[in-house]
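Trainee: After the structure tokens below, expect a handful of questions from me.
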2 protein chains.
Amino acid sequence: MVMKLYGYFRSSAAFRVRIALNLKKLEYETAPIHLRRNDQTTADYLAVNPQGLVPTLKDGGLTLIQSLAIIEYLNETYPEPPLLPRSAADRVRVRGLAEIVACDIHPINNLRVLRYLTHSLSHDEAAIAAWYNHWIDTGFQAFEKLLAADRRTSVFCHGEAPGLADVALVPQVINAERYQLDLSPYPTITRIFQSCMRLEPFAAAHPDNQPDREA
Amino acid sequence: MVMKLYGYFRSSAAFRVRIALNLKKLEYETAPIHLRRNDQTTADYLAVNPQGLVPTLKDGGLTLIQSLAIIEYLNETYPEPPLLPRSAADRVRVRGLAEIVACDIHPINNLRVLRYLTHSLSHDEAAIAAWYNHWIDTGFQAFEKLLAADRRTSVFCHGEAPGLADVALVPQVINAERYQLDLSPYPTITRIFQSCMRLEPFAAAHPDNQPDREA
């Protein structure tokens with residue numbers, strides 16, 4: 001039975017899982033959950049994922065939530081190509097980089113948070129854009145320093161092959177571009193982003209290439 | 001060389017790492033980073049952790065950041081007792097639960113975000129408290145459902161021994177208590193929290209038992 005990914009073309013957490021599935025050459029079908037139209041709050045979807053967030057991955061009888069947990073599962077279940085290095089000392093570096101994005105940038109800028117700021121706290125578009133870019137800048141400053149200061153940084157965040165840190169980074173760069181963040185302070189991030197986007201598994205996972213994309 | 005944990009008694013991310021170190025019976029020394037006094041923004045600390053967040057763990061020559069990445073490292077380096085189950089199907093469940101807290105509750109309520117709401121967006125204490133409890137409630141509703149609906153939930157989030165999901169959950173419950181959130185809608189969370197707090201590794205990691213604690 002082919003895997004099924006509940007996602008949204010613009011969700012960067014779903015984007016991460018799409019990249020991982022593509023890197024592993026795993027077939028999957030897409031179940032679009034239109035976040036702006038609130039598909040994630042239907043009883044049907046909440047029965048699949050009680051958080052009402054995307055992505056959710058169904059693999060046989062298993063229902064998997066949380067993008068990083070899903071990617072670790074894919075990496076354990078389908079080991080080739082590996083998305084984490086071999087040694088514990090290298091793995092913690094890669095996971096730490098991925099978590100800068102997945103814990104400390106993306107959740108603060110998630111749609112539901114922006115909606116709270118707009119609807120419950122009455123902020124306007126300019127305040128939302130400032131918020132959005134503030135958290136990306138804060139996270140990217142650290143991410144850039146950690147890349148630039150470490151000899152393990154190469155074509156990709158960690159060595160010569162893409163891995164979990166790249167999988168987390170790329171969708172966040174796409175989000176930054178959408179909000180027209182100035183990326184010039186982040187030359188290493190930008191270079192690695194470009195290396196990734198030249199690879200088919202990343203390019204095919206891009207929001208513009210999803211069946212549920214919108215202008 | 002004994003490990004060194006840069007933390008803050010009240011940081012729930014540092015609290016997670018303290019629990020994991022205690023469960024593994026690993027000795028460590030505490031380097032207090034007083035977040036309210038902005039120790040995390042000194043050049044000295046930014047040289048240790050460019051994110052300016054806690055925790056950071058030094059183990060020999062390694063400098064480790066991001067609490068979940070650190071705990072995975074400890075679990076790989078010091079395997080007993082295991083903080084993750086053996087099968088990929090169980091591991092993804094435990095990691096997913098941990099990430100509900102570590103990605104979708106805690107970062108949105110972090111001190112730096114509350115400060116942004118207060119100083120840049122001029123919100124008062126009541127608005128901050130509503131924000132804080134909203135994100136805990138939203139996350140705990142899903143967490144409770146996932147626990148209650150799954151036969152693998154037992155004395156702890158997953159089986160008869162504490163693991164990564166419990167390590168993430170307990171500090172978040174302590175935070176909820178501090179903001180006087182009504183926990184009665186979360187009987188399974190509350191029961192598991194109590195099971196954990198009866199164990200020395202959790203109790204010893206509590207903010208009140210840290211050398212840098214304040215009233």
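Where a number appears in this text, it was derived from the coordinates with a stated rule and is not lab data. Predicted model, so just to flag it, every value in this text is computed and none were measured. Note that we place each Cβ from the backbone using ideal geometry, even for glycine, and neighbour counts take in every protein chain shown.
Trainee: Taking H placed 1.01 Å from N in the peptide plane, check which residues at least 5 places from residue A:31 or on another chain put their amide H under 5 Å from its amide H.
Mentor: A:5, A:6, A:7
Trainee: Which order do peptides B:97-104, A:75-82, A:90-97 fall in by mean Cβ count within 10 Å, highest first?
Mentor: On the way: B:97-104: 26.6, A:75-82: 14.2, A:90-97: 24.1.
Ranked by mean Cβ neighbours within 10 Å, highest first: B:97-104, A:90-97, A:75-82.
Trainee: Separate question: At a 10 Å Cβ-Cβ cut-off, how would you order B:122, B:12, fewest neighbours first?
Mentor: So the residues, fewest neighbours to most, are B:122, B:12.
Trainee: Would you mind giving the three semi-axes, in whole Å and largest first, of the ellipsoid equivalent to the range B:3-81 according to its Cα gyration tensor? Each step should come with its number before you reach the end.
Mentor: Details: eigenvalues 91, 32, 20 Å².
Taking √(5λ) for each Cα gyration eigenvalue gives 21, 13, 10 Å.
Trainee: Further question on the same structure: Over 32 Å, how big is the tail of the calculated P(r) for chain B, in percent of all Cα pairs?
Mentor: Numbers: 3453 of 23005 pairs.
Within chain B, distances greater than 32 Å cover 15 percent of Cα pairs.
Trainee: Continuing with the same structure: For the range B:117-187, which GluC sites (Glu not before Pro) are both in a DSSP coil and crowded by at most 11 other Cβ atoms within 10 Å? If you can, show how the numbers build up before the last one.
Mentor: Numbers: sites: B:125, B:144, B:160, B:177; in loops: B:160.
Sites meeting the loop and neighbour criteria: B:160.
Trainee: Return A:146, A:23 ranked ascending by Cβ neighbour count within 10 Å, so the fewest neighbours appear first.
Mentor: By the 10 Å Cβ count, ascending: A:146, A:23.
Trainee: While we're on this one: May I ask for the Rg/Rh ratio of the protein assembly as shown, computed from Cα atoms with Rh as the Kirkwood radius, given to two decimals?
Mentor: Here the Rg-to-Rh quotient is 0.93.
Trainee: Further question on the same structure: Are there trypsin sites (Lys or Arg not before Pro) in the range A:146-205 that DSSP puts in a loop and that have at most 15 other Cβ atoms within 10 Å, and which ones?
Mentor: On the way: sites: A:151, A:152, A:178, A:191, A:198; in loops: A:151, A:152, A:198.
Loop-located and lightly packed - A:151, A:152, A:198.
Trainee: Compactness ratio of the range B:88-201: Cα Rg over 2.2 N^0.38 Å, N = residue count? Don't skip to the end; give the middle numbers.
Mentor: Details: Rg = 14.8 Å, N = 114, 2.2 N^0.38 = 13.3 Å.
Compared with the compact-globule rule of thumb, the range B:88-201 sits at 1.11.
Trainee: Taking the DSSP beta bridges in the protein assembly as shown as the whole, what percent of them are antiparallel, to the nearest 5? Mind dumping the intermediate values first?
Mentor: Working: 15 of 25 bridges.
Counting DSSP beta bridges with both partners in the protein assembly as shown, the antiparallel share is about 60 percent.
Trainee: How far is the Cα center of the range B:157-171 from the Cα center of the range B:24-93, in Å?
Mentor: Answer, in whole Å: 17.
Trainee: Output the antiparallel fraction of DSSP beta bridges having both residues in the range B:3-81, as a percent to the nearest 5. Walk me through the intermediate numbers first.
Mentor: Details: 7 of 12 bridges.
Of the beta bridges lying entirely in the range B:3-81, close to 60 percent run antiparallel.
Trainee: Can you sort A:184, A:11, A:120 so the residue with the fewest Cβ neighbours within 10 Å comes first? If you can, show how the numbers build up before the last one.
Mentor: On the way: A:184 7, A:11 25, A:120 12.
Lowest to highest Cβ neighbour count: A:184, A:120, A:11.
Trainee: Return the average number of partner chain Cβ atoms within 10 angstrom of each residue Cβ along peptide B:99-112.
Mentor: Values: counts 12, 6, 0, 6, 13, 9, 1, 3, 9, 7, 1, 3, 0, 5.
That works out to 5 on average.
Trainee: Compute for the range A:51-131: radius of gyration divided by Kirkwood radius, i.e. Rg/Rh, restricted to C-alpha atoms, rounded to two decimals. Kindly include the intermediate steps, with their values, before the conclusion.
Mentor: Values: Rg = 16.9 Å, Rh = 15.2 Å.
Rounded to two decimals, Rg over Rh is 1.11.
Trainee: Right, something else. Taking each full run of DSSP H in chain B as one helix, which ones are at least 18 Å long along their axis (Cα atoms) and have mean Kyte-Doolittle hydropathy of at least 0.0? Before the final figure, lay out the partial values.
Mentor: On the way: long enough: B:88-104 (22 Å, 0.36); B:125-148 (33 Å, 0.18); B:164-178 (22 Å, 0.67).
Those that clear 18 Å and a mean of 0.0 are B:88-104, B:125-148, B:164-178.
Trainee: With a cap of 15 neighbouring Cβ atoms within 10 Å, and only residues DSSP puts in a loop, list the chymotrypsin sites (Phe, Trp or Tyr not before Pro) found in the range A:162-215. List each step's numbers first, then the result.
Mentor: Working: sites: A:179, A:193, A:202; in loops: A:179.
Sites meeting the loop and neighbour criteria: A:179.
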